[in-house]
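J.: Quick one: this structure, given as structure tokens, is what I'll be asking you about.
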Amino acid sequence: MAYDKKLVELAIKLFSIDAVKFGEFTTKSGIKTPVYFDLRVIVSYPEVMESISNLLLEIAMQNLKYDHVCGVPYTALPIATLLSVQTKRSMLMRRKETKAYGTKKSIEGHYKAGQSCLIVEDVVTSGSSVLETVRDLRKEGLIVTDAVIILDREQGGKKNLEVNDVQIKSLFSMTTLIDILMKNGKITEEIVLKVKNYLKETQAPVIDKPVERIQLPYEKRAELATNSVAKQLFNIMATKKTNLCLSVDLTSTTKILDLLEKVGEHVCLVKTHADIIEDFSNDFITRLKDLAQRFNFLILEDRKYADIGHTVSLQYTKGLHKVAEWADCVTAHSLPGEGILKALNSANGVNHGVFFLAEMSCEGNLITPEYRESTVSMAAKYPDLITGFVCQNKDTFKDPGFIQLTPGVQLESSKDNLGQVYNTPEKVILENGGDVIVVGRGIVAAKSPETQAVLYKDTLWKCYLKRVAEN
């Protein structure tokens, strides 16, 4: 077989500078190998780096579309830098360890969610290093579908990456490299045979595509949850076969309690707004908690805390409502910063959680994709506190231990005169990834709230079963 002259020259040069070694070695994946590639040495040979970048452009990067390039740390960084300069595309850098100070970013550089990024790597064995970078980039909302590499060791890495929706293009495969070296008198046929037998016998571990959270049943996700309220809520949903949250937006305690007597057995979560109740009292809370225990549902006080930490701590634990004493979980905005979570986390309360607002269902709200991503990143530091996120989009977060609480749902799509947008159960569960679905006026304002609650419960649950079955 005839090889490109430039590839032959590069292969021989890599051998001459000891970037390719033969003997007995152990790879990062723990695999014993008779051949080892130490491409870290190329930084001392500018002509080699130039040759590699030129050939990647010429052979591997043709027809690929991308907004950024990102080298897998650390050996590939010099090559990624050269490619960034040559293509005039911006370069992003992934940190192996997220900074514990400053911005605490794992990805450095300027980018926007929805933009595409090309991965640059030196050697692929199992593909694990590439996937670590891919996953961090995808967490930031970047699209990653392609990687260019110098050498494919042909030990399963290419397949692992394809399973995880990443296509690779390489300058060399192990087979072509050793063939070039043998034909040019650099290694013997005995070494070639040894390497080929090794390739047949030794494959890297299979890396399956991570299962998306929406594919998992609630029982399994309960096992993965770290927040105690999330665990409890997942189990309630699985036991009662309902993912319906009732928003009791009523101003009378009598009406709220009467309503819950009728529909309590059909819901997993009851959402309150204590500050709109005109006759709020300790007796009301006692009776509300009794109903929660009898019908096995949790209580969410939709307070949407959004002040400095000290004030939020007082709002949560003091005053007329003393929310921390009776609500299983509350809602909060990320706008004030991490102090709000520190305040809620330090408040007295054994079994409490927070639904963090990442999105809102009202038309014209000012939440941006960047704000949403920052909210999720902030919450990730408090896995024991965060129950989940109030959001509309299944891609808002990946952790299956968190719950997606989705408001703005009616049996038919509509919009009220105050900008509240309503989506159907099918859309919010099957398309948008909702876990617990909030229904208010669709039940509360109905002539027969119990009949409507049953209708919503059955419709929402069927959508959930369909979602899990399809996956």
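J.: Any residue that is over 24 Å from Asp122 (Cβ atoms), of a type outside the set (S, T, N, Q), in contact with a Leu (Cβ under 6 Å, 6 or more places away or on another chain) and crowded, with 17+ Cβ neighbours inside 10 Å - is there at least one of those in the stretch 233-240? Even if it seems obvious, please write down each step before you answer.
T.: So the first thing to find is which residues in the stretch 233-240 are over 24 Å from Asp122 (Cβ atoms), and the list is 233-240.
Retained after the next criterion (residues that are of a type outside the set (S, T, N, Q)): 233-234, 236-238, 240.
Restricting the remaining residues to those that are in contact with a Leu (Cβ under 6 Å, 6 or more places away or on another chain) gives 233.
From what is left, the residues that are crowded, with 17+ Cβ neighbours inside 10 Å are 233.
Yes, there is a match, as at least one residue in the stretch 233-240 is over 24 Å from Asp122 (Cβ atoms), of a type outside the set (S, T, N, Q), in contact with a Leu (Cβ under 6 Å, 6 or more places away or on another chain) and crowded, with 17+ Cβ neighbours inside 10 Å.
J.: Taking the stretch 46-74 on its own, how many of its residues are crowded, with 22+ Cβ neighbours inside 10 Å and closer than 13 Å to Asp122 by Cα?
T.: Counting residues in the stretch 46-74 that are crowded, with 22+ Cβ neighbours inside 10 Å and closer than 13 Å to Asp122 by Cα gives 6.
J.: Could you list, in sequence order, the residues of the stretch 124-166 that are free of Cβ contacts under 8 Å to residues at least 60 places away in the same chain and among the polar types (S, T, N, Q)?
T.: Once the filter is applied, which keeps residues that are free of Cβ contacts under 8 Å to residues at least 60 places away in the same chain and among the polar types (S, T, N, Q), the stretch 124-166 yields Thr145, Asn160, Asn164.
J.: Here is a further query. Checking Asp165 against (1) under 30 Å from Leu64 (Cβ atoms); (2) touching a Ser or Thr at 6+ places or on another chain (Cβ under 6 Å), only one condition comes out false. Which one?
T.: Only one criterion in (1) under 30 Å from Leu64 (Cβ atoms); (2) touching a Ser or Thr at 6+ places or on another chain (Cβ under 6 Å) is unmet by Asp165, namely (2).
J.: Moving on to the next point. Restricting attention to the stretch 90-103, does a residue exist that is of a type in the set (Gly, Ala, Ser) and over 24 Å from Arg40 (Cα atoms)? I'd like the intermediate steps shown before the answer.
T.: First, the residues of the stretch 90-103 that are of a type in the set (Gly, Ala, Ser): 90, 100, 102.
Narrowing further to those that are over 24 Å from Arg40 (Cα atoms): 100, 102.
Checked the stretch 90-103: at least one residue is of a type in the set (Gly, Ala, Ser) and over 24 Å from Arg40 (Cα atoms).
J.: In this structure, is Asp384 exposed (fewer than 14 other Cβ atoms within 10 Å of the Cβ), modelled with pLDDT of 90 or more and out of contact with any Leu (no Cβ under 7 Å at 6 or more places or on another chain)?
T.: Numbers: exposed (fewer than 14 other Cβ atoms within 10 Å of the Cβ): yes; modelled with pLDDT of 90 or more: yes; out of contact with any Leu (no Cβ under 7 Å at 6 or more places or on another chain): yes.
Here the answer is yes, as Asp384 does meet what is asked.
J.: Of all residues in the stretch 165-196, how many are exposed (fewer than 15 other Cβ atoms within 10 Å of the Cβ) and either in contact with a strand residue (DSSP E or B) (Cβ under 6 Å, 6 or more places away or on another chain) or part of a loop (DSSP other than H, G, I, E, B) (or both)?
T.: Number of matching residues: 5.
J.: Kindly indicate whether any position in the stretch 329-343 is touching a Lys or Arg at 6+ places or on another chain (Cβ under 9 Å), hydrophobic (A, V, I, L, M, F, W, C) and within 30 Å of Leu259 (Cα to Cα).
T.: Within the stretch 329-343, one or more residues are touching a Lys or Arg at 6+ places or on another chain (Cβ under 9 Å), hydrophobic (A, V, I, L, M, F, W, C) and within 30 Å of Leu259 (Cα to Cα).
J.: Could you tell me how many of the residues in the stretch 286-315 are more than 28 Å from Ser334 (Cα to Cα) and of a type in the set (A, V, I, L, M)? If you could, list the steps in order and put the result at the bottom.
T.: Within the stretch 286-315, the first condition is being more than 28 Å from Ser334 (Cα to Cα), and the residues that meet it are 286-296.
Pick out the ones that are also of a type in the set (A, V, I, L, M) and you get 288, 291-292.
Residues meeting the conditions: 3.
J.: Please specify each residue of the stretch 258-298 satisfying the condition of being more than 21 Å from Gly442 (Cα to Cα), of a type in the set (Val, Ile, Thr) and surrounded by 15 or more Cβ atoms within 10 Å (Cβ to Cβ).
T.: Ile285
J.: Out of curiosity, is Leu199 in contact with an Asp or Glu (Cβ under 9 Å, 6 or more places away or on another chain), under 30 Å from Val35 (Cα atoms) and assigned to a helix (DSSP H, G or I)? Break it down stepwise before answering.
T.: Numbers: in contact with an Asp or Glu (Cβ under 9 Å, 6 or more places away or on another chain): yes; under 30 Å from Val35 (Cα atoms): yes; assigned to a helix (DSSP H, G or I): yes.
So Leu199 fits the description; yes.
J.: With respect to the numbered conditions (1) within 23 Å of Glu373 (Cα to Cα); (2) out of contact with any Lys or Arg (no Cβ under 9 Å at 6 or more places or on another chain), which one is the sole condition not fulfilled by Leu118?
T.: Only one criterion in (1) within 23 Å of Glu373 (Cα to Cα); (2) out of contact with any Lys or Arg (no Cβ under 9 Å at 6 or more places or on another chain) is unmet by Leu118, namely (2).
J.: Report the residue count in the stretch 312-347 for those that are at negative phi, touching a Phe, Trp or Tyr at 6+ places or on another chain (Cβ under 9 Å) and without any contact (Cβ under 8 Å) to a residue 12 or more places away in the chain.
T.: 0
J.: Taking only the stretch 312-349 into account, find how many residues are in a helix (DSSP H, G or I), more than 22 Å from Asn296 (Cα to Cα) and among the small types (Gly, Ala, Ser). Give the derivation first.
T.: First, the residues of the stretch 312-349 that are in a helix (DSSP H, G or I): 312-317, 323-325, 339-346.
Next, only the ones that are more than 22 Å from Asn296 (Cα to Cα) stay: 312-317, 339-346.
Restricting the remaining residues to those that are among the small types (Gly, Ala, Ser) gives 313, 339, 343, 346.
Number satisfying all stated conditions: 4.
J.: Could you look through the stretch 133-164, keep only residues that are of a type in the set (A, V, I, L, M), outside any strand (DSSP E or B) and buried (at least 24 other Cβ atoms within 10 Å of the Cβ), and pick out the one that is nearest to the chain's Cα centre (by Cα)?
T.: So the first thing to find is which residues in the stretch 133-164 are of a type in the set (A, V, I, L, M), and the list is 134, 137, 142-144, 147-151, 161, 163.
Now drop any that are not outside any strand (DSSP E or B), which leaves 134, 137, 142, 161, 163.
This time we only want the ones that are buried (at least 24 other Cβ atoms within 10 Å of the Cβ), so: 134, 161.
Working: Val134: 12, Leu161: 18 Å.
Per the criteria, the residue is Val134.
J.: Restricting to the stretch 208-227, name every residue that is farther than 14 Å from Thr387 by Cα and either among the aliphatic types (A, V, I, L, M) or in contact with a Ser or Thr (Cβ under 6 Å, 6 or more places away or on another chain) (or both).
T.: Across the stretch 208-227, the qualifying residues are Val211, Ile214, Leu216.
J.: While we're looking at this one, here's another question. Within the stretch 249-259, can one find any residue that is in contact with a Gly (Cβ under 8 Å, 6 or more places away or on another chain), in the same structural domain as Glu325 (by TED's automatic domain parsing) and outside any helix (DSSP H, G or I)?
T.: Taking the stretch 249-259 as the starting set, the residues that turn out to be in contact with a Gly (Cβ under 8 Å, 6 or more places away or on another chain) are 249.
If we keep only those that are in the same structural domain as Glu325 (by TED's automatic domain parsing) too, we end up with 249.
From what's left, outside any helix (DSSP H, G or I): 249.
Within the stretch 249-259, one or more residues are in contact with a Gly (Cβ under 8 Å, 6 or more places away or on another chain), in the same structural domain as Glu325 (by TED's automatic domain parsing) and outside any helix (DSSP H, G or I).
J.: Report whether or not Leu92 is in contact with a Cys (Cβ under 6 Å, 6 or more places away or on another chain), assigned by TED's automatic domain parsing to the domain that holds Phe15 and not in a helix (DSSP H, G or I). Quick ask: steps written out before the conclusion?
T.: Values: in contact with a Cys (Cβ under 6 Å, 6 or more places away or on another chain): yes; assigned by TED's automatic domain parsing to the domain that holds Phe15: yes; not in a helix (DSSP H, G or I): yes.
In short, yes.
J.: Could I ask something else about it? Given Ile12, Ile52, Ile119, Ile42, which one is part of a strand (DSSP E or B) and at pLDDT 95 or above?
T.: Details: Ile12 fails: part of a strand (DSSP E or B); Ile52 fails: part of a strand (DSSP E or B); Ile42 fails: part of a strand (DSSP E or B).
Answer to the selection: Ile119.
J.: Is it true that some residue in the stretch 327-339 is out of contact with any Ser or Thr (no Cβ under 7 Å at 6 or more places or on another chain), at pLDDT below 95, within 21 Å of Val439 (Cα to Cα) and surrounded by 17 or more Cβ atoms within 10 Å (Cβ to Cβ)?
T.: No, the stretch 327-339 has no match at all.
J.: Being surrounded by fewer than 21 Cβ atoms within 10 Å (Cβ to Cβ), assigned to a helix (DSSP H, G or I) and among the hydrophobic types (A, V, I, L, M, F, W, C) is the filter; apply it to the stretch 215-232 and report the residue that is farthest from the chain's Cα centre (by Cα).
T.: The qualifying residue farthest from the chain's Cα centre (by Cα) is Ala222.
J.: Next question. Could you look through the stretch 428-444, keep only residues that are in contact with a helix residue (DSSP H, G or I) (Cβ under 9 Å, 6 or more places away or on another chain) and either surrounded by fewer than 19 Cβ atoms within 10 Å (Cβ to Cβ) or of a type in the set (Asp, Glu) (or both), and pick out the one that is farthest from Leu250 (Cα to Cα)?
T.: Here is the first cut: in the stretch 428-444, the residues in contact with a helix residue (DSSP H, G or I) (Cβ under 9 Å, 6 or more places away or on another chain) are 428-430, 433-437, 439, 442-444.
From the residues that got through so far, the ones that are either surrounded by fewer than 19 Cβ atoms within 10 Å (Cβ to Cβ) or of a type in the set (Asp, Glu) (or both) too are 430, 435.
Numbers: Leu430: 30, Asp435: 24 Å.
The selected residue is Leu430.
The values are calculated or read from the model by the stated rules, or taken from the named source; none is laboratory data. The structure displayed is predicted, hence computed values, not measured ones. Because the Cβ atoms are built from the backbone with ideal geometry, glycine has one as well, and the counts that use them run over all protein chains shown.
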